[in-house]
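The values are calculated or read from the model by the stated rules, or taken from the named source; none is laboratory data. Not measured: the values here are computed from a predicted model. For neighbour counting, all protein chains shown are included, and Cβ atoms are generated from backbone atoms with ideal geometry for every residue, glycine included. Just so you know, the surface numbers come from the protein's heavy atoms only, side chains and all, with ligands and any DNA or RNA stripped out. Shrake-Rupley method; radii C 1.70, N 1.55, O 1.52, S 1.80 Å.
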Amino acid sequence: MGVERAVRDTALLAAAFRAAEARRPRPRLTDPYARLFLADGPGHPGALRAGGEQVVERTRIVDGLLDAHPGTIVNLGAGYCARPYRLDLAGRPVVELDSAQVIATKERVLAGHTPRGPVRRIGLDLRDHDALARALATVDGAPVLVTEGVLPYLPADGIAALARVLARPGAVWLTDVVTVTSARAMAAVAPGLTVYGLDSLTPFEDAGWTVTDYRPLPVPGPFRPGAGSRDVVDGVLALRAP
Ligand SMILES: C[S@@+](CC[C@H](N)C(=O)[O-])C[C@H]1O[C@@H](n2cnc3c(N)ncnc32)[C@H](O)[C@@H]1O
């Protein structure tokens, strides 16, 4: 197993959007580390032109939700997220998981910078559930799990399997979700990238997770509401483990 290059490159894209945010008249967040990763470009240049409203908003929302949920932060598919450097997390430990290549690049680029709290990084493929379970076993207490911009690269059955591995008593999971329509819009501007969307929250709910919070995200393209109040709409969820 190994995370495909096109998927790994989305970490660059997210960093490019956060770097671009700094050039807005009133930036919604400040990430001075993002531009450090961009020496080789944004990863998916076509997607860069599509704008990064969702990326910046979801980062801002997750920043806020982390304040409301104490505990060790386990960031799965952390990419080039610089939260331990740009935020005061009050000494909370952060464990960052991503492909070995992304972790190696991150360590190299941030080598001269000091995080504001303890950070540990583990290279793995999130689809390797034994490796993931071993990584989670190294975390004390009930973690706050984060998947930010990660689930669109897993099919629904992959999310369901991940949801089962992550379900630990007391755990909280902060994640964005996107619809099938939004996934198609994302795939259209990023050739070579397979993007999946969700049409229900069943993959979480079947593993015992309960939604405790929902924050809407801006939707790319025209918004097409579904037929029922339980339809998925792009957003950030907080879920509580069984
Ligand atoms: C869109 S980026 C988001 C990165 C970061 N969470 C952020 O918001 O800036 C998606 C990240 O998920 C990681 N990722 C996706 N699938 C993965 C997998 N199966 N195993 C490990 N990492 C994965 C990619 O390598 C990439 O860093």
Write out, first by first residue and then by second, each pair whose Cβ atoms fall under 7 Å of each other, whose residues are 6+ apart or on separate chains, and whose first residue, in the range 1-14, is farther than 8 Å from residue 44 by Cβ while the second is near the ligand (Cβ under 6 Å from one of its atoms) and assigned to a helix (DSSP H, G or I). 7/153; 8/102; 11/102
Which pairs do you get when a residue that is more than 25 Å from residue 47 (Cβ to Cβ) and modelled with pLDDT of 95 or more, found in the range 137-163, comes within reach of a residue that is in a strand (DSSP E or B) and more than 15 Å from the ligand (Cβ to nearest atom), reach meaning Cβ atoms under 6 angstrom, with the pair 6+ apart or on two chains? 144/172
Hey, can you tell me all the residues within the range 190-200 that are under 25 Å from residue 8 (Cα atoms) and assigned to a loop (DSSP other than H, G, I, E, B)? 190, 191, 192, 193, 194, 195, 196, 197, 199
If only one of 49, 58, 18, 35 is closer than 20 Å to residue 148 by Cα and surrounded by fewer than 21 Cβ atoms within 10 Å (Cβ to Cβ), which one is it? 35
Could you tell me whether residue 110 is buried (at least 19 other Cβ atoms within 10 Å of the Cβ), among the hydrophobic types (A, V, I, L, M, F, W, C), free of Cβ contacts under 8 Å to residues at least 40 places away in the same chain and under 20 Å from residue 82 (Cα atoms)? no
Residues that are open to solvent by 10 Å² or more (accessible area, probe 1.4 Å), more than 10 Å from the ligand (Cβ to nearest atom), free of Cβ contacts under 8 Å to residues at least 40 places away in the same chain and not charged (D, E, K, R): does the range 71-87 have at least one? yes
Only one of 235, 197, 208 is small (Gly, Ala, Ser), more than 17 Å from residue 76 (Cα to Cα) and surrounded by fewer than 17 Cβ atoms within 10 Å (Cβ to Cβ). Can you tell me which? 208
I'd like to know if the range 171-180 contains one or more residues that are surrounded by fewer than 19 Cβ atoms within 10 Å (Cβ to Cβ) and either more than 9 Å from the ligand (Cβ to nearest atom) or more than 30 Å from residue 216 (Cα to Cα) (or both). yes
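Does at least one position in the range 146-164 carry a residue that is at negative phi, part of a loop (DSSP other than H, G, I, E, B), more than 16 Å from the ligand (Cβ to nearest atom) and of a type in the set (A, V, I, L, M, F, W, C)?
Initial filter on the range 146-164 (at negative phi): 146-148, 150-164.
Then drop every residue that is not part of a loop (DSSP other than H, G, I, E, B), which leaves 148, 150, 154-155.
Still in the running and more than 16 Å from the ligand (Cβ to nearest atom): none.
Among the residues of the range 146-164, not one is at negative phi, part of a loop (DSSP other than H, G, I, E, B), more than 16 Å from the ligand (Cβ to nearest atom) and of a type in the set (A, V, I, L, M, F, W, C), which makes the answer no.
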So residue 8, is it open to solvent by less than 40 Å² (accessible area, probe 1.4 Å), out of contact with any His (no Cβ under 9 Å at 6 or more places or on another chain), near the ligand (Cβ under 9 Å from one of its atoms) and under 26 Å from residue 237 (Cα atoms): no
In the range 111-156, the residues that are touching a helix residue (DSSP H, G or I) at 6+ places or on another chain (Cβ under 9 Å) and among the polar types (S, T, N, Q): 114, 147
Check on residue 133, away from the ligand (no atom under 13 Å from the Cβ), free of Cβ contacts under 8 Å to residues at least 40 places away in the same chain, assigned to a helix (DSSP H, G or I) and among the aliphatic types (A, V, I, L, M): yes
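From the list 18, 58, which residue is touching a strand residue (DSSP E or B) at 6+ places or on another chain (Cβ under 7 Å), assigned to a helix (DSSP H, G or I) and basic (Lys, Arg)? Let's see the steps before the verdict.
Values: 18 fails: touching a strand residue (DSSP E or B) at 6+ places or on another chain (Cβ under 7 Å).
After applying the criteria, what remains is 58.
Condition test on residue 116, is it modelled with pLDDT of 95 or more, open to solvent by 40 Å² or more (accessible area, probe 1.4 Å), farther than 20 Å from residue 240 by Cα and touching a Lys or Arg at 6+ places or on another chain (Cβ under 7 Å)? Even if it seems obvious, please write down each step before you answer.
Details: modelled with pLDDT of 95 or more: yes; open to solvent by 40 Å² or more (accessible area, probe 1.4 Å): yes; farther than 20 Å from residue 240 by Cα: yes; touching a Lys or Arg at 6+ places or on another chain (Cβ under 7 Å): no.
Against the criterion (modelled with pLDDT of 95 or more, open to solvent by 40 Å² or more (accessible area, probe 1.4 Å), farther than 20 Å from residue 240 by Cα and touching a Lys or Arg at 6+ places or on another chain (Cβ under 7 Å)), residue 116 does not qualify.
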